[in-house]
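Undergrad: Please find one structure pasted underneath; my questions will follow.
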Amino acid sequence: MSLSVVYYICLTEKTKPLKKIALLLAILSGPLLTAQKNNSLLWEISGNGLSKNSYLYGTMHVSDKVSYHLSDAFFKHLMEADIVSNESDPESWEEFSRDRYRDNMPEYYSRNYKFYSYFYLKPIEKETLKYLFTGNSYYAGLMSLNYYDDVSVDYQESNVLDMFIYQTGRKYKKRIVGLENAKKSMQLFYSVTGKDARPKDENKLLALKIMKNRPLDEAMKDLYREKDIVMLDSLSKLTSSEKSHEAMIVKRNITMARSIDSLAKTGSVFAAVGAAHLAGKQGIIDLLRAKGYTLKPVIDSLTNAGKKQKKIIEEYFPEPEFKLATTRDNMISMPMTKNIRDEDYNIESPDYTNGGVTTLRRVPLNYFMKKDADLLNPKSLDSLFYEGIAGNILEKKYFEQENFSGYDIRNITKTGNTQHSRFYITPLEIIVISMTGKGDYVKQYENRVFDNIKIKAFKKDWDLVSPKRGGFEALMPSFASIFGANPDKSDDINIQAYDPKEKGSYFLSEKTLSDLSMLEESEYEHKQIHYEFYMQHSADTTETRFDKNKNAYESASTIGTKKIRLKSIIKGNKYYLLGTVNASKENTSRFFESFSTKPWLFDAATKVYTDTIAQFSITVPEKQNRQLFSQFPSRESSHKNIFEQEREYYNFNSETGQSISMAFVKNGKYERALPLDSIRKKLNKEWLTEFTSNDTGADSTATVYDEYDYDYSSSTARMAFNNALYNHRKGYAANQWNSLIDQEKDNYEFVNQSQTFDKPHNRHVIDAVVSKPNATQAIRYRAYVYDDRIFTFSALTDKIQNEDTKFMERTMNSLEPTEKSKFSDSKEKIKTFIDDANNPKDTIRYSALSSADVLEITRTDFPAMRNFIKTFTFNDKESEKFAKQTILAKIISIESPEALAFADEFYKSAEATTTDQLTILRALATHKSKAAYTKIRNLMEYDLPLPQSRYEIVNLFTQFKNNGAHSRHLFPAIFEFYSIPEYNEPILDFAGYLLDKDFISSKTLKSYRKMIVTNAKLECKRMVTWKQNNPETTQTDNTEEAEASVIEEYTQNDTHVPSETIISYLELIYSLPQGNQTTALITKIKALDIPELNTELMRLDFLNDKLGNDDITKLLHNPQYAYPLISLLANRGKNEQFAALTADEMAVDALTNFNQLTPKDPITIVSKRTIDYRSRKVTFYFFSYPARPSYRNVSKKEFVAIAFINDANSINPLAYKVFNMQAPEDEEKDLERRIQSVINAALNEKHTRASFEKEDEMHAQYFWEY
């Protein structure tokens, strides 16, 4: 089978490259035939005591006609066989595909962000109804392994040949046996990857000669068509790697040959395998010969007799075995075959024998949420039939009953296949039942299905809905659709019910939260769920009630003329939303009050999962965690570091939807184990969401977890200018928003915690429950601490823990390590490392050197490591080159006279490479001493490194800048290297940085004054030339020319102003004693009138007191320069100089600067709102300006919001936050809602589960801040 499954999977991905791969896999799985001289795909198996001959046929797993060059003998021996065998039984493919590609994660894993939006109920739209016709049938594809289109259909058979053989066997009641296990064969397929899967380069050239300028797939088709098994063998060998051949051909051939041997002794076998498996010394033919069988080719042609037999087989449809099946909610009962694939909203029932499929598809309408209608008009569906039904409609009938209406349709496809569909429209959903198959299959058996379909009738009764897995129960009208109640899955349950008496609608939605990143206040969550639900329908609440004791919230509203009531309940990680529409108050109360949470029934079958990577076993529900048990071989590098720290993350699911996360961390061999007390403290910090990666101290290098605690909002504190040249430059004020706004703190607290020692398992157990004061939920933690590893569990639970902890306890208690600690906690880590590095075994040597980055080298270790680096012979592999540089850096980073002396010795040695020298300089740059930088200067004077990449030099000078207090000792001597091109710009930038930060004075540059001025003049000339060639670049305008260049946005880079170098010169020139030359040069630069240069000139003039009051006034009235000047003035406490500017003017100036607008860009303040925000008054400005066309934005206007903190009389222009928002489709109609959504999002920025836009807008809308 397996290649058939691969082919089908590739097809269902619907990408051309994968379809080509599928074709290649169909044939070139590996070497085919090596010695067979006869061109034949059909082989007779005899001898070895067989009473009947058996037959072996090489197929091609495609439905192209090339695979159907058959003979009379093919049909004769197939029909006479007692046993028909494919590579594997197609009935096993669905289970394999489900385990591998479906149900890998419960649906709730992907929906923590904007969590409340998953409660929305929107009436179905006509566009959505189209999916009733376009959704692909899983089994229809599986039966044919082909999706043909109008162009290719005339060049295809209706089946892949393998499936034709299989169905023939079933039709004529032959014994069906797979030669191998589908799952195991696919595990072999996935076990080879990366370099191991690549054929040798020299083989590719030979393959090209065989292909004779044909594409590979065409060459393979031609050879298959000619049955040239020798050339097929040669070509496939050349296009496969040795490991691929071993995995996909040799191992599987052994298995299939063994199966044929066993089966042939019980009767005549007709075995169909991919042609790739026939040939070669390790092919099935020779393997069977080795077992004592005689195999010879069967040479025959196709006559009318064979054609007739093929037609008889294809047109023969034995009667299927149907049985009455009922959906779990009893809404529909109908005949189906025994193989049912239940995907809740889509149920399929295949007839493997005949290739037919009966499909049940259900689509909730949510029409009770529509303002102006209660039921879907059947005409809406009727209008889609012409385009949605395949081929020609033969008959269409409308029907109507009390509980449904709809259409019955018979049609015939262009390939002559009859089909039958029936569409039921109920008050709750559309139910589509369809029957498809080949030829007249449907025509023969449609009555067996369609005459026996029953839809639940209207009743006045109410039923108690109680899922089998427990969790809740509620009374609802009996006419109810229930989804998600499959006990084998942990999907959420969604129920909708209809009361025909008062025409009221009811719904109950269950949602599962798996988010452990935060705990939310329960009352806020309730309110937000209701607010967002109503927002989707432009409705507001008319009354609300919160029951804190029951953690329940009720509200009421109207949608058009319809009355709606909602009730939400939160219990642990489960959220429930109950609702009624147009139901009486009495029935609403009956429904709401009947709801109650119930104990979970943890009775799913469990299985022990053993993990070979993290070396542990654990007992979990089998079906809910099938992705664990269907794990495929890890595609690890052949060079694995066996000494490195190991980290793995797991999720274990229960049948109730509760999930446990588990993190596994195992110390590396050279890492120092933390004391238990330190581990506990670090875990406590993490569990209280205080853990950061910035902890320092003795234990800092041996962390429990690597945490990257980035504060994404901290970018608000940077300087406003988009051009990086102006960020953090001297004189500018930083954004004061974060320092003035009271930051919300998450007051997490331990509800309880404990630490015990589990003697039987030799492990420390650290337990904790963490929550917040106003939250009803908690996070349950447990850590198992072993000598060299930690397993940490976490799960969302109810604060008042009860039965929902049973699954957690059972799962956590079952964990057992399957491997004892390999590494001792020896303190002689350095000695161990050196011994391992010198080990003759490649794996140990590789692992040791690859772990060099975790070594803790102290001053005590210095002698041993100095001797190691001097005497050890590193090879030319990249891993060893990196190890050498890592160790060298660690040794020289030790602040000691010995390290300085060794740096000098190694740097000047004949063996030192340029990379070594740069590593030494960077390591010395970390020292906090004048002596280290004196050494750097001396070494650079001795031999200046010139690497191939300038980035290496930039990196070195970045290190210098990070240690400005000591790197200043490089001046002025560092200017000796200024004339060297690779060092020119880094030195210039470094000097400007030190001057800007006052680490050096201008006096240090005195002797280099002439050189600096001369080079600055040359750079000025370059800028003059650049401006002459780019006259429009510095003055952007929203003209029609800009609208014509949307496509160029992807590739156009010449709009960048190359001002970085001359700005660096300006910093130096202003620091020098002023004279005629410098004054003239500054005048020339000002004459360029380039905004980027003008802004820097303004900054330098201001800092050097060269801006007069008139200059300041003039600049403040130029929007391009006003905001940078305001920043400079405010930073010096000269706010009175811009006091004449209104708040609106300052806000416009800020926008102009933030978004790099020009004076020609007309900016409109569309709205302004002042609100209370965390104990401060904050004013939100909403702007619009003409949009520059781009591939990302087709709107005519850009909309931006900027919030400023208010001072006593105006806004504080230096305390801001910026929000980008999508332009409203209809400004007059939608702008106010967009404005309010921005404000709400700002007020609720920490509430990541919340949304403030309608669903259709929400998916297109995103905010980013700076």
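Only the coordinates and a few stated rules stand behind these numbers; no lab work does. Quick caveat, the model's predicted, so the values are computed rather than measured. Virtual Cβ from ideal backbone geometry, glycine too; neighbours counted across all protein chains shown.
Undergrad: Roughly how many nanometres apart are two label points built 7 Å out from the Cα toward the Cβ at residue 787 and residue 46?
TA: Modelled inter-label distance: 6.8 nm.
Undergrad: Report Rg/Rh for the stretch 426-531, rounded to two decimals, where Rg is the Cα radius of gyration and Rh the Kirkwood radius.
TA: With Rh from the inverse mean 1/r over Cα pairs, Rg/Rh is 1.11.
Undergrad: Another question about this same structure. Could you work out how far helix 2-13 tilts from the main Cα principal axis of the chain, as a 0 to 90 degree angle to the nearest 10?
TA: 60 degrees
Undergrad: Still on this structure: Can you give the Rg and Dmax of the stretch 307-392 based on its C-alpha atoms, in angstrom?
TA: Spelled out, the Cα radius of gyration and Dmax of the stretch 307-392 are 18.3, 62 Å.
Undergrad: Please give the FRET efficiency for residue 809 paired with residue 877, using the beta carbon to beta carbon distance and R0 = 45 Å, rounded to the nearest 0.05.
TA: Approximately 0.40, to the nearest 0.05.
Undergrad: For the chain, what is the relative contact order in percent, using Cα pairs closer than 8 Å and at least 6 residues apart in sequence?
TA: 8 percent
Undergrad: Another question, if that's okay. Using only the alpha carbon atoms of the stretch 1057-1155, find the Kirkwood hydrodynamic radius as the inverse mean reciprocal pair distance, in angstroms to one decimal.
TA: Across the stretch 1057-1155, the inverse of the average 1/r is 14.3 Å.
Undergrad: Would you list the P(r) distribution for the stretch 462-600, with all Cα-Cα distances sorted into 10 Å bins from 0 and each bin expressed as a whole %?
TA: It works out to 11, 43, 37, 9, 0, in whole percents.
Undergrad: Please compute the length gained on full extension between residue 859 and residue 844, using 0.36 nm multiplied by the number of residues separating them and subtracting their Cα-Cα distance.
TA: 2.8 nm
Undergrad: Moving to a separate point now. Using only Cα atoms, find the angle between the long axis of helix 878-892 and the longest principal axis of the chain, and express it within 0 to 90 degrees, rounded to the nearest 10.
TA: Approximately 30 degrees, to the nearest 10.
Undergrad: Same structure, new question: Which percent of the Cα-Cα distances in the stretch 323-455 go past 17 Å?
TA: The answer is 59 percent, as a whole percent.
Undergrad: If you don't mind, there's one more thing I want to ask. Using Stokes-Einstein with the Kirkwood hydrodynamic radius over Cα pairs, what translational diffusion coefficient do you get for the stretch 900-980 at 37 °C and a viscosity of 0.692 mPa s, in µm²/s rounded to a whole number?
TA: For these conditions, the coefficient is 259 µm²/s.
Undergrad: Turning to a different aspect of this structure: Please compute the contact order of the stretch 323-455 in relative form: average sequence separation of alpha-carbon pairs under 8 Å and at least six residues apart, divided by the residue count, as a percent.
TA: Computed over the stretch 323-455, the figure is 25 percent.
Undergrad: Next question. Tell me the label-point distance for the pair residue 929, residue 586, using the 7 Å Cα-to-Cβ offset, in nm and rounded to one decimal.
TA: Distance between the two pseudo-spin positions: 9.2 nm.
Undergrad: So, one more: With an 8 Å cut-off on Cα pairs and a minimum separation of 6 or more residues, tell me the relative contact order of the stretch 1138-1258 in percent.
TA: RCO, the stretch 1138-1258: 16 percent.
Undergrad: If you don't mind, another one. For the stretch 881-1024, what mean projected area does the convex hull of the alpha carbons give, in nm²?
TA: 9.0 nm²
Undergrad: Where Rh is the Kirkwood radius over the Cα pairs of the stretch 190-230, the temperature 37 °C and the viscosity 0.692 mPa s, what D in µm²/s does Stokes-Einstein return?
TA: Roughly 278 µm²/s, to the nearest whole number.
Undergrad: Starting from the amide H of residue 493, placed 1.01 Å from N in the peptide plane, find each other amide H under 5 Å away whose residue is 5 or more places distant or on another chain.
TA: Close amide H contacts, sequence-distant or interchain: 510.
Undergrad: By count of other Cβ within 10 Å, fewest leading, how are 647, 680 ordered?
TA: 647, 680
Undergrad: Any chance you could give the angle, 0 to 90 degrees and rounded to 10, that helix 981-996 forms with the longest Cα principal axis of the chain?
TA: 60 degrees
Undergrad: Okay, moving on. Please go through the stretch 1124-1199 and write out the trypsin sites (Lys or Arg not before Pro) that DSSP classes as loop and that have at most 13 other C-beta atoms within 10 Å.
TA: Passing sites in the stretch 1124-1199 are 1132, 1160, 1174, 1192, 1196.
Undergrad: Something else now. Can you bin the stretch 1138-1258 into rounded, prolate or oblate? Criterion: square roots of the alpha carbon gyration tensor eigenvalues sorted a ≥ b ≥ c, rounded for a/c under 1.5, prolate for a/b above b/c, oblate for the rest.
TA: Oblate, because a/c is 1.5 or more while a/b does not exceed b/c.
Undergrad: Which of rounded, prolate or oblate describes the stretch 1109-1182 when judged by the alpha-carbon gyration tensor and an a/c cut-off of 1.5?
TA: Oblate is the answer for the stretch 1109-1182, as a/c is 1.5 or above yet b/c matches or exceeds a/b.
Undergrad: Going out from 0 in 10 Å bins, what whole percent of all Cα-Cα distances in the stretch 552-622 drops into each bin?
TA: Here the calculated profile for the stretch 552-622 is 15, 30, 19, 15, 13, 8, 0.
Undergrad: Let me ask something else. Among 542, 1142, what is the fewest-to-most ranking by other Cβ atoms within 10 Å?
TA: The order, fewest Cβ neighbours first, is 1142, 542.
Undergrad: Fewest first, what order do 956, 578 take by the number of other Cβ atoms within 10 Å?
TA: If I rank by nearby Cβ atoms, fewest first, I get 956, 578.
Undergrad: Contour minus end-to-end for residue 408 and residue 303, with contour as 0.36 nm per residue of separation and end-to-end as the Cα-Cα distance?
TA: Gain in length upon complete extension: 33.5 nm.
Undergrad: Quick one: what are the phi-derived ³J(HN,Hα) couplings along the stretch 461-470, Karplus 6.51/-1.76/1.60 with θ = phi - 60°, whole Hz, x for glycine and proline?
TA: In residue order, the calculated couplings are 6, 10, 10, 8, 8, 8, x, 4, 7, x Hz.
Undergrad: Starting from 0.36 nm per residue, how many nanometres of slack lie between residue 538 and residue 209 once their C-alpha separation is accounted for?
TA: Taking 0.36 nm per residue and subtracting the Cα distance, the gain is 111.6 nm.
Undergrad: Percent antiparallel among DSSP beta bridges with both residues in the chain, to the nearest 5?
TA: Given both bridge residues lie in the chain, the antiparallel proportion sits at roughly 95 percent.
Undergrad: Two decimals is fine: what is log10 I(q)/I(0) at q = 0.14 Å⁻¹ for the stretch 229-279, from a Debye sum with one equal scatterer on every Cα and no solvent?
TA: Once normalised to I(0) and log-transformed, intensities are -0.43.
Undergrad: Next question, about the same structure. Using the beta-carbon distance between residue 800 and residue 451 and R0 = 56 Å, what value does 1/(1 + (r/R0)^6) give for FRET efficiency, to the nearest 0.05?
TA: My answer for the efficiency is 0.55.
Undergrad: How large is the Rg to Rh ratio of the chain when both quantities use alpha carbon positions and Rh follows Kirkwood?
TA: Rounded to two decimals, Rg over Rh is 1.01.
Undergrad: Right, here's the next one. Just to confirm the filter: which trypsin sites (Lys or Arg not before Pro) across the stretch 234-280 are DSSP coil and have at most 15 other Cβ within 10 angstrom of their Cβ?
TA: In loop regions of the stretch 234-280 (DSSP not H, G, I, E or B), the sparsely surrounded trypsin sites (Lys or Arg not before Pro) are 265.
Undergrad: Efficiency by 1/(1 + (r/R0)^6): what FRET value for residue 1089 and residue 550, r their Cβ-Cβ distance, R0 = 56 Å, to the nearest 0.05?
TA: Plugging the Cβ-Cβ distance into 1/(1 + (r/R0)^6) gives 0.20.
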